[in-house]
Amino acid sequence: MNTKLLEFIDASPSAFQAVVNIKKELNQAGFIELNEQTEWSLQKNQKYYVSRNSSALFAFCIPETFDSIQMAASHLDSPTFKIKANGAMIDKNQIRLDVEKYGGMILHTWFDRPLSMAGRMVVKNKKMESILFDDKKPWLMIPSVAIHLNRDVNQGKAINVQKEMLPIVGQGSDFELEKYLQEKHHIEGEILAVDAFLYNPESSKVWGINDEFLSAPRIDNLECTYAILEAIKESSSKNVLNMALFFDNEEVGSGTKQGADSSFLTDVLARIKEACHLSQQQVLSMIARGFMISADNAHGYHPGYGELYSPSDQPKINEGIVVKHNANQKYTSDAISAAIFYQLCKEAGVSHQNYYNHTNAPGGSTLGNIANTHVSLNTVDIGLAQWAMHSSYETAGTKDYQDLVSVLTYFYRHKMEICNEDYMNL
């Protein structure tokens, strides 16, 4: 099972490639692709998916009867660098590319690694067309300066991204990104614009004395993504609208047309309502009885930094799915949603643990509370414990991933009864 996860991560250097790979698996599982630009005709007991911007995708299963709605959500993007247009900079025969940060990353982990580039380009031939690209071969690097020239390098200092983190692509007196892409990928026509992102092409690995760890780029959040994908393919509920939501742009606030703060989810629900001849009352009742699992990885306990964790809850890698809590509701879990998820884990035969931020640290948030501002339903924020979140190469546990697939598969096969705020049953 971990082999398929690692193959998916390695083949998905950006959200664009992740969507392509998700589509391949959904097609093989019998899902039918829909287009937002056309009217939808939906059939009972059929499975569908729709993408937006080629970087976000929803899959859903139309039941025989619409009693409730159950969703699991994740995001496809990860922190990285985006190449600026006309970004070639030449200094004494050294060619560098100007970049800007995408999301919050551990900057020093990007130094001294062979890097590659992936994304999409818009090409005009007879018509304008969006074409994805993945260079695969590493051909860029962000080199450190020698310790002999910077004796304080190990004393800790701020990194100046504009000065220190522009990747070197080679030596010469001229470089044009569009010309490079045209020749590299045999593009006919004029490249009008490019969304190009750096990525770490190092392959994923399983390691540890008992093969208990897996390391890879983009574990946050492709690990949760692939677990949801594996589970939705096995969906079998006859009276629940099961949905898998794969958003983009969570790492930069979700405020895009394909992010959790967009109309994507409400638009898809409106189309399902109309195509399946549901009333607005039915849809609102389904949402009130519904449940969402917002799956985005969590901070696993690091033995070298114990003082950074809450003293009462320190989730460990490979010791269970992490339920994330925050008094200020940056995570959506509350007593009701957490209790439901605890029971789901019990019935699926998997362990769970809790995460709270250290009281003196504000912590982050995820897509669950953002999506809830558009479609409000009982939601739990969960994740898998990992180290080095937002590093260019992260680490998680092999057992935890298998547990997440198990509980999500159980979730998509069983109807949850949330009759009111005082009575719940699985």
So the FRET efficiency between THR373 and SER312, C-beta based with R0 = 25 Å and rounded to 0.05, is 0.25
The Rg/Rh figure for the range 113-164, Cα atoms and Kirkwood Rh, to two decimals is 1.25
Bridge orientation stat for the chain from DSSP, antiparallel percent rounded to 5, came to 65
Between the modelled labels at LEU284 and SER173 (7 Å from Cα along Cα→Cβ) the distance in nm is 7.1
Tilt, helix 335-348 to longest principal axis of the chain (alpha-carbon atoms), in degrees rounded to tens, equals 90
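Assuming 0.36 nm per residue, please report the length gained on full extension of the stretch GLU164 to LYS415 beyond their Cα-Cα distance.
85.0 nm
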Counting only residues 5 or more apart in sequence or on a different chain, those whose built amide H sits under 5 Å from that of GLU394 are ALA216, ARG218, ILE219
Net charge near GLU394 (other residues with Cβ under 10 Å of its Cβ; Lys, Arg +1; Asp, Glu -1) is -1
Highest GNM mean-square fluctuation among ASP135, ASP403, ASP77, for the chain with Cα springs under 10 Å, belongs to ASP135
Taking the chain and counting helices only, DSSP H stretches of n ≥ 4 at -39,500 (n - 2.57) each over all residues, the nearest-500 ellipticity at 222 nm comes to -7500 deg cm²/dmol
Phi angles of the range 121-132, converted by Karplus (6.51 cos²θ - 1.76 cosθ + 1.60, θ = phi - 60°) into ³J(HN,Hα) in whole Hz with x for Gly and Pro, give 9, 9, 10, 10, 10, 7, 8, 7, 9, 8, 10, 7
Out of ASP152, ASP220, ASP248, a Gaussian network model of the chain with alpha-carbon springs under 10 Å gives the largest mean-square fluctuation to ASP152
Once normalised by the length of the range 222-321, the mean sequence separation of its alpha carbon contacts under 8 Å that are 6 or more apart gives a contact order in percent of 16
In whole angstrom, the spacing between the Cα centers of the range 182-214 and the range 223-292 equals 28
Checked the range 211-271 against the a/c 1.5 cut and the a/b vs b/c comparison, axes a ≥ b ≥ c from its Cα gyration tensor; verdict oblate
The ³J(HN,Hα) series, computed from each phi in the range 197-203 with the Karplus coefficients 6.51, -1.76 and 1.60 at θ = phi - 60°, rounded to the nearest Hz and given as x for glycine or proline, is 10, 6, 8, 8, x, 4, 6
Checking LYS126, LYS415, LYS257 against a Gaussian network model of the chain (alpha-carbon springs below 10 Å), the top fluctuating residue turns out to be LYS126
For the chain, averaging the sequence separation of alpha carbon pairs under 8 Å that lie six or more residues apart and dividing by its residue count, the contact order in percent is 22
Treating only Lys and Arg (+1) and Asp and Glu (-1) as charged, each at its beta carbon, one finds that the range 80-199 has a dipole about its Cα centre, in Debye to the nearest 20, of 200
Check: in the range 80-199 the Lys pairs 8 or more apart or on separate chains whose Cα atoms fall under 15 Å apart number 8
hull vol. (C-alpha, convex hull) per residue for the range 27-77, Å³ -> 98
Across all Cα atoms of the range 53-183, Rg and the largest Cα-Cα distance (Dmax), in Å, are 20.3, 70
Among [x] 23.4; [y] 26.4; [z] 22.4, the entry matching mean projected area of the Cα convex hull in nm² as calculated here is [z]
Listed by chain and number, the residues whose amide H is under 5 Å from that of ILE321, excluding neighbours fewer than 5 places away on the same chain and using placed H, are SER351, HIS352, GLN353
Quick calc: nm separation of the 7 Å Cα→Cβ label points for GLN37 and ASP334 -> 4.2
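FYI, it's all coordinate maths here, none of it is from the lab. None of these values were measured; they are calculated from a predicted model. Don't worry about glycine lacking a Cβ; one is built from the backbone with ideal geometry, like all the others, and counts go over all protein chains shown.
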